[in-house]
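The values are calculated or read from the model by the stated rules, or taken from the named source; none is laboratory data. Source: prediction; values computed, not measured. FYI the Cβ positions are ideal-geometry reconstructions off the backbone, even for glycines, and counts take in every protein chain you see.
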Amino acid sequence: MNIEWKHPREILAHFMARVYRYGMTTTSGGNLSIKDEEGNLWITPAAIDKGDLTPEDIMCITPEGEIIGRHRPSSEYPFHQAIYGQRPDLKAVLHAHPTALVAFSIVRKVPDTRVIPQASAICGEVGYAPYALPGGKLLGEHIAQVFAEGFQCVLLENHGVVCGGSSMLETYHRFETLDFCARLLIQASSLGRTRVLNEEQLQIARTQKTDLPTFQVKKRSNREKELRTELSEMVRRAYDQQLMNSTEGTASVRVEGETFLITPTAKDRRYLNPEDIVRIEKGRREESPLLPSRATLLHQTLYQQHPHIQAIMSAQAPYSTAFAISETEFDTRTIPESYLVLRDIPVLPYGSQYQDPERIAQTISKDCPVILLQNDALLTTGTSLLEAYDRVEVADFTARSLIQALPLGELVAMEEDRLEELRHAFLK
Ligand SMILES: [Zn+2]
């Protein structure tokens with residue numbers, strides 16, 4: 001199902017539910033709108049439970065100013081209109097008060113999206129609109145003025161955030177990615193200095209090619225079909241657990257030999273289906289409308305050099321990634337389960353997943369199944385998809401505990417003799 005083919009009423013009800021379920025608005029806050037090709041403004045209603053919105057609740061304001069629908073339109077609709085007035089290229093606007101972005105707005109700082117390449121690519125630089133009374137004409141003028149400068153995401157002083165895009169899907173991706181970025185920066189700030197990427201480094205990810213020579217699929221084995229379902233379900237699960245976000249996160253699974261299945265690039269992880277997965281065979285991709293992940297060469301190198309690896313995941317799990325953008329060590333020698341499942345987690349320099357897959361392949365081993373890629377993501381391997389997934393979960397729980405321990409006192413790692421005892425008892 002392609003959500004963009006639906007009526008604006010259905011698109012707005014769907015995305016309002018998605019914003020609410022992802023924990024990015026309260027039931028009374030947040031409003032979304034779409035400007036259609038006939039000039040109508042479709043918008044969520046005022047004072048209706050956002051957790052339970054139906055397409056029939058959506059309001060319409062015609063180009064003549066007539067209001068159609070069973071409720072009142074959102075009280076913040078004047079600024080939606082002001083934005084569309086300034087930016088005819090925008091077809092959808094999303095406003096909400098997610099806690100991390102509100103935190104930035106009340107200390108009057110803008111999140112720096114250059115900490116991870118996809119946040120910088122999707123959201124760009126974030127604009128800043130000075131305070132004005134919510135629902136008032138002046139607020140609309142302030143926000144529209146910043147959008148007129150070309151920003152796609154604007155932080156509202158002591159209030160929240162507004163994102164725009166050429167579709168509601170694009171707008172939602174900007175919003176969710178920016179919220180993720182804000183949460184990441186907050187977690188990382190308790191770890192110490194945060195590393196920001198420069199323009200040259202950001203270009204590495206942007207210019208990464210995903211294209212490979214193609215081949216035509218003659219048949220698909222039952223094992224492949226089974227693995228396609230398993231892989232797409234695992235990615236959706238990672239998304240629902242907030243271990244991946246809609247625009248980032250790759251997973252692959254070996255079918256046999258040098259044949260593996262990998263998730264596509266530029267496809268919302270929430271909507272991933274078995275048919276979207278791309279088969280790779282000896283450096284070639286199957287003919288498919290979707291291109292394989294930009295990490296395909298890395299996964300291929302890992303499968304070639306490590307026969308024991310059956311599945312690989314890279315995920316921007318929020319707490320592990322906070323370590324990836326800071327200089328602080330991710331110490332797994334603190335909890336027995338973490339050390340058993342993850343072992344030590346080395347950090348590899350930014351860009352190595354594209355420019356130096358060999359180096360990653362040399363670092364990964366049976367004794368080193370997980371690595372952290374600087375300013376990028378956590379990479380886990382496993383002898384099954386579930387094992388690779390479990391390692392993402394355990395890593396993120398561990399990282400979260402380490403961060404939560406910071407205000408409590410000094411972190412005490414396990415003593416060497418206890419680690420030795422652990423290795424002796426469980427590890428081969
Ligand atoms: Zn608001």
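Do we have Asp268 as surrounded by fewer than 20 Cβ atoms within 10 Å (Cβ to Cβ) and in contact with a His (Cβ under 9 Å, 6 or more places away or on another chain) here?
On the way: surrounded by fewer than 20 Cβ atoms within 10 Å (Cβ to Cβ): yes; in contact with a His (Cβ under 9 Å, 6 or more places away or on another chain): yes.
Yes.
Scanning segment 127-153 for residues that are more than 29 Å from the chain's Cα centre (by Cα) and without any contact (Cβ under 8 Å) to a residue 12 or more places away in the chain gives Ala132, Leu133, Leu138. Entry remark, segment 354-390: residues being of a type in the set (Gly, Ala, Ser), over 24 Å from Glu230 (Cβ atoms) and part of a strand (DSSP E or B) number 1 in total.
Counting only strands (runs of 3 or more DSSP E) that fall entirely inside segment 33-108 and contain at least 1 residues that are closer than 27 Å to Arg183 by Cα, the qualifying elements are 92-96. Residues in segment 173-217 that are assigned to a loop (DSSP other than H, G, I, E, B) and among the hydrophobic types (A, V, I, L, M, F, W, C): Leu191, Val196, Leu197, Leu212, Val217. Which one is nearest to Gly249 (Cα to Cα), of the residues in segment 325-353 that are part of a helix (DSSP H, G or I) and more than 19 Å from the chain's Cα centre (by Cα)? Among those that are part of a helix (DSSP H, G or I) and more than 19 Å from the chain's Cα centre (by Cα), it is Ser352. The set of residues from segment 242-263 being closer than 21 Å to Pro289 by Cβ and without any contact (Cβ under 8 Å) to a residue 60 or more places away in the chain comprises Val255, Thr259, Phe260, Leu261, Ile262, Thr263.
Which one is farthest from the ligand (Cβ to nearest atom) among residues in segment 1-12 that are assigned to a helix (DSSP H, G or I) and modelled with pLDDT under 95? Steps first, answer last, please.
Residues of segment 1-12 that are assigned to a helix (DSSP H, G or I), as a first pass: 3-5, 8-12.
Now drop any that are not modelled with pLDDT under 95, which leaves 3-5.
On the way: Ile3: 24, Glu4: 26, Trp5: 30 Å.
The qualifying residue farthest from the ligand (Cβ to nearest atom) is Trp5.
When the residues of segment 17-32 are filtered to those that are in a loop (DSSP other than H, G, I, E, B) and small (Gly, Ala, Ser), which remaining residue is farthest from the ligand (Cβ to nearest atom)? Checking each candidate, the answer is Gly23. For Ala47, the requirement of being assigned by TED's automatic domain parsing to the domain that holds Ala148, over 29 Å from the mean Cα position of the chain (by Cα), among the aliphatic types (A, V, I, L, M) and within 16 Å of the ligand (Cβ to nearest atom) is met.
Whether any residue in segment 107-117 is within 13 Å of the ligand (Cβ to nearest atom) and either touching a strand residue (DSSP E or B) at 6+ places or on another chain (Cβ under 8 Å) or without any contact (Cβ under 8 Å) to a residue 24 or more places away in the chain (or both) is what I want to check. No, because not a single residue in segment 107-117 is within 13 Å of the ligand (Cβ to nearest atom) and either touching a strand residue (DSSP E or B) at 6+ places or on another chain (Cβ under 8 Å) or without any contact (Cβ under 8 Å) to a residue 24 or more places away in the chain (or both).
Would a scan of segment 86-94 turn up a residue that is of a type in the set (S, T, N, Q), closer than 26 Å to Ile3 by Cβ and not assigned by TED's automatic domain parsing to the domain that holds Glu248? The answer is no, given that none of the residues of segment 86-94 is of a type in the set (S, T, N, Q), closer than 26 Å to Ile3 by Cβ and not assigned by TED's automatic domain parsing to the domain that holds Glu248.
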